[in-house]
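Asks: Handing you a structure now.
We did not get these values from a lab; they are worked out from the coordinates using the rules stated. Since the structure is predicted, the reported quantities are computational estimates derived from the model, not experimental observations. Backbone-built Cβ (ideal geometry, glycine too); neighbour counts: all protein chains shown.
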């Protein structure tokens, strides 16, 4: 259950409300692990029940309060345990590559559209990951800035380096998808020289 | 529902029984789209009900019969329609990269294990995809041989080229994952020079 571990990792930097968590999933963690708000709030409540976080009412606006969660020792233990355990690999299910294997059944112009869409999709992701990676490395990303405040200077290099490394992998993967789709566009031109 | 479309694509080469389909998912299509036997049999029955395939009893061993499915015109139409339609991209959920982003919480030796496992996983996949790709290109793969028998010579180049192209993309992606994990091993050595 990786949402739980993403939340635990997030909480090691500072206490957060469900609203903070949702915002951060949108602004950073969500570029590696997508989670809708509808999963984040109940998961935080389950984690509180399981003793991994503790909730506290904090003031929210002039007349309201919200629950802010802090990670407990048990939560830190659960995070370390997950960090030290091997992940299972899911069997492959790749609709884009499956479709591409049978492009002789598509109109060439539609196959081109699929590949152009593949390029646009990954280009958008690569752009996002690149911005994230840069704001991690120069520590201008607010979550990173908060995290560096909390941990001693001798930890800063690795805190930054591992996060930059994770995004680097996603960027490389995205670029490899783009290069593949570009080869595909050339291939369609070669196989359908009349333009379709 | 890509299992349905994988089955339709498979059926364009020749009629198959559920058993044939399951074997092929293990031997070829399954390297792009994994499907357990428990999904394949009921899906073929649903496709028959939907008029996409037609079942016929064929002899199986000395005293038994099995249902062999052939694709119908409606099935061919459904395949072409899917081939011409754009696929949706699922939001990212990448546990390996998420875990890597927080390696400072793992024992360095465990983080190394994760990356070694990542390399082994993708190396195994790359090896499989490479063998598949080669047996497609030289048409020694039985499913490809069957397919080429069925279609006129002028279609052969594209039948082969698109399938080789699909595997090429998977191979490139696998190699990019391996290269990333190798960079990660170097990074851990740099950040944990005492070996952990």
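Asks: Multiply the residue gap between residue A:81 and residue A:14 by 0.36 nm, knock off their C-alpha separation, and tell me the result in nm, one decimal place.
Replies: Values: separation 67, 0.36 × 67 = 24.12 nm, distance 1.99 nm.
Length gained between residue A:81 and residue A:14: 22.1 nm.
Asks: Here's something else I'd like to know. Taking Cα atoms, how many degrees apart are the long axis of helix A:108-137 and the longest axis of chain A, rounded to 10 and kept between 0 and 90?
Replies: Result, in degrees: 30.
Asks: From the label point of residue B:139, set 7 Å along Cα to the beta carbon, how far off in nm is each other copy's matching point, shortest first?
Replies: With the label placed 7 Å along Cα→Cβ, residue B:139 yields 6.3 nm.
Asks: Using the number of other C-beta atoms within 10 angstrom as an exposure proxy, rank A:168, B:81, A:154, A:177 with the fewest first.
Replies: Sorted ascending by nearby Cβ count, the order is A:154, B:81, A:168, A:177.
Asks: Answer rounded, prolate or oblate for segment A:32-72, using the Cα gyration tensor with square roots of eigenvalues a ≥ b ≥ c: rounded when a/c is under 1.5, else prolate when a/b is larger than b/c, else oblate.
Replies: oblate
Asks: For residue B:70 and residue A:116, what does the FRET efficiency come to when R0 = 30 Å and r is the distance between their Cβ atoms, rounded to the nearest 0.05?
Replies: 0.30
Asks: Return the Rg/Rh ratio of the protein assembly as shown with Cα-based radii and a Kirkwood Rh.
Replies: Dividing the radius of gyration by the Kirkwood radius yields 1.05.
Asks: Which chain B residue hugs the B-A rotation axis most tightly by its Cβ, and what is that distance in angstrom, to the nearest whole number?
Replies: Measuring from each Cβ to the axis, the minimum is at B:176, 2.
Asks: Helix A:2-11 sits at what angle to the longest principal axis of chain A, using alpha carbons and giving 0 to 90 degrees rounded to 10?
Replies: Approximately 50 degrees, to the nearest ten.
Asks: Starting from the Cα of residue A:56, step 7 Å along the direction of its Cβ; do the same at residue B:183; then give the gap between the two resulting points in nm.
Replies: 4.0
Asks: Under the classification rounded if a/c is under 1.5, otherwise prolate if a/b is larger than b/c and oblate if not, where does segment B:3-83 fall, given a ≥ b ≥ c as square roots of the Cα gyration tensor eigenvalues?
Replies: Values: a/c = 1.90, a/b = 1.20, b/c = 1.58.
It comes out oblate by the Cα gyration axes.
Asks: Still on this model: Counting pairs of Cα atoms in chain B, how many percent are more than 27 Å apart? Show your work: numbers first, answer last.
Replies: Details: 8620 of 19110 pairs.
More than 27 Å apart: 45 percent of the Cα pairs in chain B.
Asks: With a point put 7 Å past each Cα toward its Cβ, work out how far residue A:90 is from residue A:46 in nm, to one decimal.
Replies: According to this spin-label approximation, the distance is 1.6 nm.
Asks: Report, for residue B:157, each distance to the same residue's label point in the other copies, shortest first and in nm; define the point 7 Å along Cα→Cβ.
Replies: 5.6
Asks: Starting from the Cα of residue B:175, step 7 Å along the direction of its Cβ; do the same at residue A:123; then give the gap between the two resulting points in nm.
Replies: Between residue B:175 and residue A:123, the simple spin-label model gives 2.4 nm.
Asks: If you don't mind, there's one more thing I want to ask. From the label point of residue B:77, set 7 Å from Cα along Cα→Cβ, how far away are the matching label points in the other copies, in nm, ordered shortest to longest?
Replies: For residue B:77, the inter-copy label distances come out at 6.3 nm.
Asks: Rounded, prolate or oblate for segment A:95-191? Axes are the square roots of the Cα gyration tensor eigenvalues, ordered a ≥ b ≥ c, and the cut-off for rounded is a/c under 1.5.
Replies: It comes out prolate by the Cα gyration axes.
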